[in-house]
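Trainee: Have a look at this one before I ask anything.
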Amino acid sequence: MLPSGLPTRWAIYPRIGESERSQLHVDSLLLAQLLWNRGVRTQAQAASFLTPDQLDGLSDPFALRGMDVAVDRLLGALKGGESIAVYGDFDVDGIAGAALVAEAIRLAGATPTVYLPNRAREGHGLNVDALQQLNDRGVRVIVTVDCGITAGIEVARASELGMDVIVTDHHTVPIELPGALSVLNPHQDGCSYPFKDLAGGGVALQLARGLLSSCLAAGEASQRSAELTDLAALSTVADMVPLVSENRAIVAHGLVGLREGRRPGLNMLCKRAGRAVADLTARDLAFSMIPRLNAAGRMGDARDALDLLLSTDLDSAQELAERLEQANGARRDQLSDFLSALEGDVAEAETDSAVVIDGPYPVGLAGLLASRLVDRWQVPSVVIQRDGPLCRGSARAPEGYHLVQLLEECSDRLIQFGGHARAAGFTLEARHIESFRTAFIAAARADRSAAAPERILAADGRLQLQSVGPALADLVARFEPTGEGNPPPTFVSRVSVLRIEDTSNGHLRMRLRDGTGIRKAVAFRPAFPSPAEGSQIEVLYEVSRRYRDDAQQIELVVRDVAQPGHLSSTV
């Protein structure tokens, strides 16, 4: 199955001159070039970008509309001894955010109940049965984390039962907000919060800051809030929001906390993943830690991930980390099996505008499968679990599309839906799958004109392989944390392929040479055809540094390959 959808073009940033470098006051031309490519134009901006782990830049939590009402209600519940529940989600963004709010409430003086829905039985978000259970347990206040913004019916039921609901969410806001006591979402009308792209964990962190500042001494509140940024960092990276501005500050500061090793559960998980706690990066979170934490909700009970995050006991942390490692192994095996089955279904599907596949695909893997379809075809992709009269689906999309808007075009076929521009989920009846497929593909086709006419991979510059070494790795590290909206530095080199081999997990290992040096390279689940040994190619890559037995290893992480001359224009 070869990639389809939008054509790919490489582009390189134009080289800056001495006048641009002088505006930044930095110590190397390459550093200045990389900063300039990211829109940094002044010395103050450069200093801020290169020291991202400062929380001074976070906005006042009370700038979020509804924060004063939320904090007052929680303070009232604490004073009156009322039972509080934190209602999270089964993915890491919701799990880590729920753990964060639970810890903040404990610091404020109460022990909340934490409820995480089961992915297979309940699906995303609030559900009436869960609310009834919480009511029966005496809960009077519910704080949602990373969910609830579309739960109008469920919030109304909670109110009927006498419970107050505080919704904290960051997903696309519907036309009519749920009738909660308070809604914290920077996207809602009338919210003056200046940074709109907070993740669910970012909104949760601001609630924690607002609460703790209202019940602890200023110095202690600041310290305790800062200690919660490690959980907010996990949520933010998992949510794939742009790692710029406040998000980048949260992740950078959170990584500092994670490297200090204060959480036994995460320490043990790092050990099982073969990662050194002291050297954790945002990439390690995205590709090693978060998949293992997510495996709990995908393959069984998300509670294991929550318990690991909150664990204070080394023995229980080790047991939970082992359980998550086993779940992640099972997840990888199942994903491989279903990917093989998926290829047969895709061969019979339309792939020019969108891909909509249904079948016996586990709902816990549907999002991963949809992501793989996007990687292959570069069009909006949907995987639906067909299992009985009620079905759940996951949708993913490449840059340039907005999934929630596409699903709105099909809303008369759906029971519920919600999400982001590039990731969403929904529920529908099995009898409506075919009409949904037709409507979704039509909506994607109509929206295609609004999408980018081609997929552009940007490179910061062209290098010779002799330049790829520890000094460059040190410079690249100054741009961490990188991720959505803040890509890692990327380079292009013209090389010959000395050796290439496939690995058992679908990656490519290569040994590359140019006239100046030889370097090892890896391509993770490449969407491009394998180049032949001895061939001359262009590689577009990032620079990675690993430590093995205390020895530093520098390698290229190849994102794409092309024939010489493919780099046709500037950004």
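Trainee: For the stretch 532-549, what does the Karplus curve 6.51 cos²θ - 1.76 cosθ + 1.60, with θ = phi - 60°, yield as ³J(HN,Hα) per residue in whole Hz, taken in order and with x for Gly and Pro?
Mentor: 7, 4, x, 7, 9, 9, 9, 10, 10, 8, 9, 10, 10, 10, 10, 10, 10, 6
Trainee: For the stretch 171-301, max minus min Cα coordinate along each principal axis, in Å, sorted largest first?
Mentor: 46, 38, 29
Trainee: I'd like the accessible area for Glu399, computed on protein heavy atoms only with a 1.4 Å probe and all protein chains in place. Round to 10 Å², please.
Mentor: Surface accessible to solvent at Glu399 totals approximately 140 Å².
Trainee: Oh, and also: Could you report the accessible area of Thr111 in Å², rounded to 10, computed with a 1.4 Å probe on the protein chains as they sit in the structure?
Mentor: 120
Trainee: If you line up the long axis of helix 218-227 against the longest principal axis of the chain, both from Cα atoms, how many degrees apart are they, to the nearest 10?
Mentor: 60
Trainee: Then there is this: Based on the alpha-carbon gyration tensor of the stretch 1-147 and its eigenvalue square roots a ≥ b ≥ c, which shape applies: rounded if a/c is under 1.5, prolate if not and a/b is larger than b/c, or oblate?
Mentor: Numbers: a/c = 4.24, a/b = 1.85, b/c = 2.28.
It is oblate, given that a/c is not under 1.5 and a/b is not larger than b/c.
Trainee: Mind checking the dipole of the chain: about its Cα centre, +1 per Lys or Arg Cβ, -1 per Asp or Glu Cβ, Debye to the nearest 20? List each step's numbers first, then the result.
Mentor: Details: 57 positive and 72 negative charges, 258 e Å.
My answer is approximately 1240 debye.
Trainee: Starting from the Cα gyration tensor of the stretch 159-203, take the square roots of the eigenvalues, sort them a ≥ b ≥ c, and report rounded, prolate or oblate (rounded when a/c is under 1.5, otherwise prolate if a/b is larger than b/c, else oblate). Display every interim value, and only then the final one.
Mentor: Values: a/c = 2.41, a/b = 1.80, b/c = 1.33.
Prolate.
Trainee: Considering only protein heavy atoms, with the full assembly of protein chains and a 1.4 angstrom probe, order Arg263, Arg559 by accessible area, largest first. List each step's numbers first, then the result.
Mentor: Working: Arg263 30, Arg559 95 Å².
In descending accessible area the options line up as Arg559, Arg263.
Trainee: With each label point set 7 Å from Cα along the Cα-Cβ vector, what nm distance links Arg262 and Ala421?
Mentor: About 3.4 nm separates the two model spin labels.
Trainee: Quote the relative contact order of the stretch 507-571 in percent (integer), defining contacts as alpha-carbon pairs under 8 Å separated by 6+ residues. Intermediate values should be presented prior to the final figure.
Mentor: Working: 98 pairs, mean separation 20.1, N = 65.
Rounded, it is 31 percent for the stretch 507-571.
Trainee: Taking a ≥ b ≥ c as the square roots of the eigenvalues of the Cα gyration tensor of the stretch 452-571, is the shape rounded (a/c under 1.5), prolate (a/b larger than b/c) or oblate?
Mentor: Numbers: a/c = 1.32, a/b = 1.04, b/c = 1.27.
Note, shape of the stretch 452-571 comes out rounded.
Trainee: Once you place label points 7 Å from the Cα toward the Cβ at Asp189 and Asp27, how far apart are they in nm?
Mentor: 5.3
Trainee: Also, quick follow-up: Give me the Kirkwood hydrodynamic radius of the stretch 331-440 in Å, from all C-alpha pairs, to one decimal place?
Mentor: On the way: mean 1/r = 0.0737 Å⁻¹.
By the Kirkwood definition, the hydrodynamic radius is 13.6 Å.
Trainee: Now for a separate question. Can you tell me the FRET efficiency between Glu227 and Ser159 if r is taken as the Cβ-Cβ distance and R0 is 41 Å, rounded to the nearest 0.05?
Mentor: The computed FRET efficiency comes out at 0.75.
Trainee: Using packing as a proxy for protection, rank 92-101, 149-158 so that the peptide with the highest average count of other Cβ atoms within 10 Å comes first. List each step's numbers first, then the result.
Mentor: Details: 92-101: 30.9, 149-158: 21.9.
Sorting 92-101, 149-158 by mean packing, highest first, produces 92-101, 149-158.
Trainee: Over the chain, what is the relative contact order in whole percent, taking alpha-carbon pairs under 8 Å and six or more residues apart? Let's see the in-between values first.
Mentor: Details: 1176 pairs, mean separation 82.1, N = 571.
Value for the chain: 14 percent.
Trainee: Run the numbers for Ser411 and Asp68: contour at 0.36 nm per residue of separation, minus the present Cα-Cα distance, in nm. Intermediate values should be presented prior to the final figure.
Mentor: Details: separation 343, 0.36 × 343 = 123.48 nm, distance 3.42 nm.
That pair, Ser411 and Asp68, stretches by 120.1 nm at full extension.
Trainee: Would you pull out the residues with amide H under 5 Å of Ile142's amide H, same chain only if 5 or more places away, H placed 1.01 Å from N?
Mentor: Here Ala85, Asp164, Val165, Ile166 satisfy the definition.
Trainee: Using modelled amide H (1.01 Å from N, peptide plane; none on Pro or chain starts), what sits under 5 Å from the amide H of Leu64, excluding residues fewer than 5 places away?
Mentor: none
Trainee: Per 0.36 nm of contour for each residue apart, how much would the distance between Glu20 and Asp60 grow if the chain were fully extended, relative to their Cα-Cα spacing?
Mentor: Values: separation 40, 0.36 × 40 = 14.40 nm, distance 3.38 nm.
Residue separation times 0.36 nm, minus the Cα-Cα distance, leaves 11.0 nm.
Trainee: Keeping every protein chain in place, order Met299, Met289 by accessible area at 1.4 Å, biggest value first, i.e. largest first.
Mentor: On the way: Met299 60, Met289 5 Å².
Accessible-area ranking of Met299, Met289, largest first: Met299, Met289.
Trainee: Straight-line reach from Lys271: which aspartates and glutamates fall under 13 Å, measuring Cα to Cα and dropping same-chain residues less than 8 apart?
Mentor: Here the aspartates and glutamates satisfying the reach criterion relative to Lys271 are Asp279, Asp284, Glu319, Glu322, Glu325.
Trainee: Show me, for the stretch 379-390, the HN-Hα J-couplings you get by feeding each phi into the Karplus relation (A = 6.51, B = -1.76, C = 1.60, θ = phi - 60°), rounded to Hz, glycine and proline as x.
Mentor: With the stated coefficients, the stretch 379-390 comes to 9, x, 9, 10, 10, 10, 7, 8, 8, x, x, 10 Hz.
Trainee: Treat every Asp and Glu Cβ in the stretch 1-97 as -1 and every Lys and Arg Cβ as +1, leave all other atoms uncharged, and give the resulting dipole magnitude about the Cα centre to the nearest 20 debye.
Mentor: Values: 8 positive and 12 negative charges, 95 e Å.
Approximately 460 debye in magnitude.
Trainee: Estimate the FRET efficiency between Gln132 and Arg499 by the formula 1/(1 + (r/R0)^6), using the beta-carbon distance for r and 60 Å for R0, to the nearest 0.05. Kindly include the intermediate steps, with their values, before the conclusion.
Mentor: Numbers: r = 62 Å, r/R0 = 1.03.
So the FRET efficiency works out to roughly 0.45.
Trainee: While we're on this one: Relative to the Cα centre, what is the charge dipole magnitude of the stretch 323-368, using +1 at the beta carbon of each Lys and Arg, -1 at the beta carbon of each Asp and Glu, and rounding to the nearest 20 debye?
Mentor: On the way: 3 positive and 9 negative charges, 85 e Å.
That gives a dipole near 400 debye.
Trainee: If you don't mind, another one. Could you point to the residue in Val374, Ala273, Ala354 farthest towards the positive end of the stretch 270-402's charge dipole, with +1 and -1 charges on the Cβ of Lys/Arg and Asp/Glu respectively?
Mentor: Selected residue: Ala273.
Trainee: Among Ser83, Ser288, what's the order by accessible area (1.4 angstrom probe), most exposed first? Don't jump to the answer; show the numbers that get you there.
Mentor: Working: Ser83 40, Ser288 5 Å².
The ranking, largest first, comes out as Ser83, Ser288.
Trainee: Among Ala532, Ala439, Ala296, which residue has its Cα furthest toward the positive end of the charge dipole of the chain, with +1 on Lys/Arg Cβ and -1 on Asp/Glu Cβ?
Mentor: Final value for the positive-end residue is Ala532.
Trainee: Follow-up question, since we're still on this one. Out of all DSSP beta bridges with both ends in the chain, state the antiparallel percent to the nearest 5. Kindly include the intermediate steps, with their values, before the conclusion.
Mentor: Details: 47 of 79 bridges.
Counting DSSP beta bridges with both partners in the chain, the antiparallel share is about 60 percent.
The values are calculated or read from the model by the stated rules, or taken from the named source; none is laboratory data. In this text the structure is predicted, and so the values were computed from the model without any measurement. Note that each Cβ is placed from the backbone with ideal geometry, even for glycine, and that neighbours are counted across all protein chains shown. Side chains are part of the model used for accessible areas, which takes the heavy atoms of the whole protein and leaves out ligands, DNA and RNA. Shrake-Rupley method; radii C 1.70, N 1.55, O 1.52, S 1.80 Å.
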